[in-house]
Amino acid sequence: MASRIADSLFAFTGPQQCLPRVPKLAASARVSPGVYAVRPIDLLLKGSTRQSRRCLAPVKRRIGCIKAVAVPVAPPSADSAEDREQLAESYGFKQIGEDLPDNVTLKDIMDTLPKEVFEIDDLKAWKSVLISVTSYTLGLFMIAKAPWYLLPLAWAWTGTAITGFFVIGHDCAHKSFSKNKLVEDIVGTLAFLPLVYPYEPWRFKHDRHHAKTNMLVHDTAWQPVPPEEFDSSPVLRKAIIFGYGPIRPWLSIAHWVNWHFNLKKFRASEVNRVKISLACVFAFMAVGWPLIVYKVGILGWVKFWLMPWLGYHFWMSTFTMVHHTAPHIPFKPADEWNAAQAQLNGTVHCDYPSWIEILCHDINVHIPHHISPRIPSYNLRAAHESIQENWGKYTNLATWNWRLMKTIMTVCHVYDKEENYIPFDRLAPEESQPITFLKKAMPNYTA
């Protein structure tokens with residue numbers, strides 16, 4: 001722990017020592033005269049500038065020895081509007097919200113939402129199905145007709161279109177697609193089949209994600225890497241570094257395998273429904289895949305199914321990663337967890353290009369979805385407007401950009417109670433070449 005503290009905070013005395021300057025130190029990070037601190041995140045994302053190379057003038061004009069002082073480090077402070085603006089710029093956000101007061105409950109927030117946003121409209125629900133079926137069919141046509149050099153564009157479109165199928169199944173699982181439960185089960189199962197995703201296992205696990213959002217251990221979506229897991233073996237550590245680094249936009253594939261096919265991970269009351277979903281998925285694989293191979297061959301299977309499926313997993317990983325992961329968003333143990341704070345403060349609204357929002361049915365208008373999963377996808381924007389009117393200063397807002405992704409992929413790694421996350425390259429610099437590569441290769445702009 002001492003080495004991590006030393007990496008995070010430097011202190012010194014003496015008249016001629018220079019360090020990059022932090023624009024403003026929060027109250028929790030104030031130090032005594034003659035002692036100066038630097039947050040590593042400022043150096044990581046902003047780099048050194050001419051101004052930051054200026055020397056800090058010491059308060060006590062006496063010559064002394066340079067001393068390294070180990071001081072506990074608090075998470076990046078967002079105590080003032082200026083602090084939040086600086087962090088938002090550093091991380092690629094438009095806004096970092098204030099901390100929600102402890103006495104605000106989830107019901108308090110829900111009570112401010114218009115009743116209309118909870119209403120199910122069958123016409124709008126089936127319109128979303130039509131959009132997804134049409135856009136996916138168009139994508140398959142593009143793949144069939146496109147020359148080889150345009151295939152990546154066709155795959156990107158088709159992978160995004162099939163992500164819309166997932167969102168339809170997602171609404172069914174939350175009982176926000178139809179008033180008829182049987183219809184929801186059938187539509188949800190069918191929507192997930194092209195993704196070879198078992199509907200019921202996913203539904204059970206996803207319900208726990210909503211019940212335990214950003215709760216350590218219990219949240220079934222993204223979690224910070226546990227320190228003991230990172231330190232358990234060199235082989236596992238290298239796998240984790242690659243998984244949470246370069247291949248993170250496809251890590252949902254590992255989540256798909258790990259969470260949804262093992263009957264031991266489910267309660268006894270859930271197992272029968274899980275078996276039915278697994279039987280449907282295996283039947284699709286046993287019948288659908290051979291038919292594809294019979295018609296277009298193995299390369300055709302890769303071309304028409306595998307590549308769009310990888311495109312879907314890119315969005316599955318990226319969306320869910322951005323929804324709840326940032327250096328300032330904490331994961332908390334159960335005894336410190338607060339539902340309203342986790343759902344409002346711990347969820348990110350992120351805008352994507354319009355065509356992505358349309359094909360994916362506004363799944364990234366995500367804050368109202370965590371306030372109440374019963375809000376249908378076509379009502380999320382109206383609910384978001386209401387939340388912004390009543391609770392806007394507490395919300396985290398972003399537009400997708402490279403700096404946002406770079407922050408998540410190079411900073412948000414190993415759990416730490418004080419700092420929220422510690423990057424891999426601070427704990428194991430010699431093994432973190434993938435992270436070093438990402439820092440150099442990934443753009444840092446927000447436009």
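Only aspartates and glutamates eight or more places from K303 in sequence, or on another chain, were considered; none has a Cα closer than 20 Å. Assign one of three labels to the stretch 359-400, namely rounded, prolate or oblate, based on the Cα gyration tensor with a ≥ b ≥ c the square roots of its eigenvalues; rounded applies when a/c is under 1.5, prolate when it is not and a/b is larger than b/c, and oblate otherwise. Oblate shape, in that a/c is at least 1.5 and b/c is the bigger or equal ratio. Segment E385..S232, full-extension length gain: 50.5 nm, with 0.36 nm per residue of separation and the alpha-carbon distance subtracted. Scalar couplings 3J(HN,Hα) for the stretch 150-159, obtained by applying the Karplus form with A = 6.51, B = -1.76, C = 1.60 to θ = phi - 60°, are 9, 4, x, 5, 5, 5, 4, 4, 5, x Hz; x denotes Gly and Pro. In a reduced charge model with +1 at each Lys and Arg Cβ and -1 at each Asp and Glu Cβ, the stretch 319-439 shows a dipole moment near 200 debye about its Cα centre. Take 105-113, 310-318 and order them by the average number of nearby Cβ atoms within 10 Å per residue, most first; the result is 310-318, 105-113. In this calculation the C-beta distance from D121 to L291 is compared with R0 = 30 Å, giving a FRET efficiency of 0.25. Shown in residue order for the stretch 349-360 are the 3J(HN,Hα) couplings computed by the Karplus curve 6.51 cos²θ - 1.76 cosθ + 1.60 at θ = phi - 60°: 8, 10, 8, 10, x, 4, 5, 6, 4, 5, 5, 9 Hz (x for Gly and Pro). Under the shape rule built on the C-alpha gyration tensor, where the axes satisfy a ≥ b ≥ c, the stretch 79-134 is oblate, since a/c reaches at least 1.5 while a/b does not exceed b/c. Projected onto its three principal axes, the C-alpha set of the stretch 267-336 covers 55, 34, 11 Å, listed from the longest axis down.
A protection proxy built from the mean count of other Cβ atoms within 10 Å ranks the segments 170-182, 327-339, most packed first, as 170-182, 327-339. With protein chains left intact and a 1.4 Å probe, residues in the stretch 115-237 average 46 Å² of accessible area per residue. Only protein heavy atoms count here; on that basis, with a 1.4 Å probe, R273 has an accessible area of about 90 Å². Phi angles across the stretch 315-321 convert, under the Karplus curve 6.51 cos²θ - 1.76 cosθ + 1.60 with θ = phi - 60°, into 3J(HN,Hα) values of 6, 4, 5, 5, 4, 5, 5 Hz, Gly and Pro given as x. Holding the Cα-Cα limit at 24 Å, pick out from K107/K212; K145/K295; K205/K406; K179/K205; K94/K439; K205/K332 the pairs that are longer than that. Pairs exceeding the cut-off: K205/K406. The smallest convex shape that holds all Cα atoms of the stretch 160-272, its convex hull, gives 128 Å³ per residue. For q values of 0.13, 0.18, 0.26 Å⁻¹, compute log₁₀ I(q)/I(0) with the Debye formula on a Cα-only model of the stretch 319-374, without solvent. For the stretch 319-374, the Cα-only Debye profile gives -0.36, -0.64, -1.07.
When only alpha carbons are used to place a centre, the stretch 230-248 and the stretch 374-442 end up 19 Å from one another.
The values are calculated or read from the model by the stated rules, or taken from the named source; none is laboratory data. Note that the coordinates shown come from a computational prediction; the quantities given were computed from them, not determined experimentally. Don't worry about glycine lacking a Cβ; one is built from the backbone with ideal geometry, like all the others, and counts go over all protein chains shown. The accessibility values were calculated without ligands, DNA or RNA, using every heavy atom of the protein model including side chains. Shrake-Rupley method; radii C 1.70, N 1.55, O 1.52, S 1.80 Å.
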